[in-house]
1. Using a cut-off of 14 Å between beta-carbons, work out the net charge of the residues near L226 (Lys and Arg +1, Asp and Glu -1, L226 not included).
2. Please report the equivalent ellipsoid semi-axes of the chain, computed as sqrt(5 x eigenvalue) of the Cα gyration tensor, largest first, in whole Å.
3. Mind ordering 11-24, 122-135 by average Cβ neighbours within 10 Å, highest first?
4. Give the cross-link partners of K336 among the lysines, using a straight C-alpha distance below 21 Å as the criterion and excluding same-chain residues fewer than 8 apart.
5. Please enumerate, by chain and number, the lysines with C-alpha under 24 Å from the C-alpha of K247, excluding those fewer than 8 residues away in the same chain.
6. Ranked from highest to lowest mean number of other Cβ atoms within 10 Å per residue, what is the order of the peptides 77-87, 252-262?
7. On the Cα set of the stretch 132-299, report Rg and Dmax in Å, please.
8. Among 277-285, 106-114, 317-325, how do they line up from the highest to the lowest mean number of other beta-carbon atoms within 10 Å?
Amino acid sequence: MEKDVYILAVESSCDETAAAVVRNGREVLSNVIYSQIDLHTIYGGVVPEIASRKHIEKINQVIERALADAGLPLSEADAVAVTYGPGLVGALLVGVSAAKALAFAAGKPLVGVHHIEGHISANYIENPDLEPPFLCLVVSGGHSHLVLVKDYGEYEIIGRTRDDAAGEAFDKVARAIGLGYPGGPKIDRLSGEGNPDAIPFPRAKVGDSAYDFSFSGLKSAVLNYLNSCEMKKIPVNRADVAASFQKAVIDVLVEHSMDAVSRFGTGRFAIAGGVASNSSLRKAFSKACLERGIDFYHPSPVYCTDNAAMIGTAGYYEYIRGVRHGWDLNAVPNLKLGERV
């Protein structure tokens, strides 16, 4: 019987300080997350300097708790995996520095992990039958990528946003209708009270790429609608605005994704990232995949938002492929998917 592989993982790319222990890439033994949402809500979004300072304050506590919850001494971990990009440079540096210190002190290999690769790999945790190749839509506050997963660690981006990411659009529209931050969950909840067909917001297509996304026009259409109502003294039904906006985003995501699945013929489709926890999005994809006979995969909400379990899973597959990083590993805030540093 082959020896079990234990990965201690660290994630600090934005405003969650997280650590986890993952066994053999698919079994989460611990997953500890310290969220800064309440801290940043008063500012209407993440303040990078505040996020970095809070990571410094919490990182050691979170790592100690993850090891304790897993019942694993650091000496028994096979490697330390850490997110080194993309993300906020100050936040990333905290996690990278902590991971390097731990790996050096314990004499363990260091494995740097791409944040988006982590989100994609979150699907492996609860889906033991999922293996590449498959198509994955990564939708979050900073990313909207349609990715062909050719193999573990081998990716091809076939579509991406040309402007605002889907989650970014959710946050901006939520702010415009007075819901505050974070916008995604609040729009999702309010949409349940509204009519998704009440307002005909546009669905953008990018002329030179069938799989790219553009949400800035939709965001502007919502703002123009709100301004028009204000000038004409017309009362605004916030639930209808939220539901109509959300449906416009989902329609585009589903259409592009299903066209891509049909073209590339993987027969398997997954979603990942913070917006992947949106209940309406999950229902829409579940329906679309069922109609087409496509196997649909999605992580539980806790693995959709930033967490270290997904980094441990991605780190495991990098580790067994022989990926190792030196003590000169640095934060790379604009790291591209598939780029090796």
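1. Numbers: positive: K172, R175, K219, K232, K233, R238; negative: E230, D240.
That sum, taken over residues with Cβ under 14 Å, equals +4.
2. Semi-axes from the Cα gyration tensor: 35, 23, 16 Å.
3. Values: 11-24: 27.1, 122-135: 18.3.
The most tightly packed comes first, giving 11-24, 122-135.
4. Partners within reach: K150.
5. In chain and number order, the partners are K172, K186, K205, K219, K283, K287.
6. Packing proxy ranking, top to bottom: 77-87, 252-262.
7. For the stretch 132-299, the Cα-based Rg and Dmax read 16.0, 56 Å.
8. 106-114, 277-285, 317-325
Values in this text are rule-based calculations from the coordinates and carry no lab data. As the structure is a prediction and not an experimental result, all values here were calculated from the model. Ideal geometry is used to build each Cβ from the backbone, glycine not excepted, and the neighbour counts take in all protein chains shown.
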